[in-house]
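Data first, discussion second: the structure below is written as structure tokens.
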Amino acid sequence: MDEYPEPVHELVADALDPRTELSEFLRTRRARLKPEDVGLPDYGRYRRVPGLRREELAQLAGVSVAYYTRLEQGNGRHVSPEVLDAIARALRLSDAEHAHLTHLAKPKQHKKKPAGRAQQVRGPLRTLLDTMDGVPAILVGRRSDILVWNRMAAAVFGDWAELPAREQNWARLVFLRPEYRDLFVDWEHKASDVVSQLRMDAGSHPDDPRLSALVGELSVKSEEFRRLWATHDVKEKCHGIQRLHHPLVGELDLRLESFHQADAHEQMLVTYHAEPNSPSAEALRLLASWGADATRAGTGTSSARTA
């Protein structure tokens, strides 16, 4: 375990406190904006805070300074959707950030579920992944839990069936297992994506004890996680290029596409494919032909589990 400063204990204890989350999110979004970004004069050395002042943000959003101050202090219980929209526009939030702000300020009431209750995966969805021969496919649930994967995903990323159930989780793999630093060419980008998605989950489910425990553990064990968690960045990774350095076939440039499930929106199907006739496509064909020999962390066989 690496060394960490004393404030980490407070961060772990209050990791998913809704009022703290709302306060810190608004503060960090305000700090990243410069006056010139929004058409306000910049008084240079006379500015005592990074980014916009509360007064400036309140002016841009068309609300009183006192009202915005209360909101930034974590008191969003009675805020209207119209005011949240105005503040989101003033802060120039992305769609994902806007949704996150709404979740933090006006959290939905979720039915209480047992802390250890498994995330359910439909049988036909499991069958679909197994039939996607040649295309690595993974079903990811809440807390970045890896719920189901096919044979090609095991060949590319490792057979997670070899790991304890609690370790079949993207956040744990990325931050706590050194081999994944070698696998992802741009590890920092992958790590940022994982933390940003966890932030989205925290906004939607601040009362999830397993998520709170995961954030707390990673905050203690990983300095990189603490740094990225403190940024309060949120985004959803829908598509893009995933560059890997596979120990058997070398460089892989794969196109990532992700799809939310219509009847289980918290579950996301993630697929990876290579451009036709590219070196990466040939590398995937080699991995598929090697079958059980295409291994990183396990046997390379088709595996599935329920979190």
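Overview of results
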| quantity | calculated |
| --- | --- |
| Partner aspartates and glutamates for K106 [C-alpha distance under 13 Å; skip if fewer than 8 residues away on the same chain] | E21, E82, D85 |
| FRET efficiency estimate (nearest 0.05) - Cβ-Cβ, E82 to E251, R0 35 angstrom | 0.10 |
| Surface accessible to a 1.4 Å probe, per residue, for the residues of segment 110-202, Å² | 41 Å² |
| Inter-label distance, nm, simple model (7 Å from Cα along the C-beta direction), N277/D130 | 3.5 nm |
| Translational diffusion of segment 155-280, µm² s⁻¹ [Kirkwood Rh, Cα pairs; Stokes-Einstein; 20 °C; 1.002 mPa s] | 135 µm²/s |
| Using alpha carbons only: equivalent-ellipsoid semi-axes of segment 62-171, gyration tensor based, whole Å | 41, 17, 13 |
| Rg and Dmax of segment 121-187, Cα atoms only, in Å | 12.2, 34 |
| Two-site label geometry, S258 and K34: point separation in nm, points 7 Å out along Cα→Cβ | 3.1 nm |
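The values are calculated or read from the model by the stated rules, or taken from the named source; none is laboratory data. On a predicted model such as this, the values are computed, not experimentally measured, just so you know. Glycine also receives a Cβ, built like all others from the backbone with ideal geometry; neighbour counts cover every protein chain displayed. Heavy atoms of the whole protein, side chains included, go into the accessibility calculation; ligands, DNA and RNA do not. Shrake-Rupley method; radii C 1.70, N 1.55, O 1.52, S 1.80 Å.
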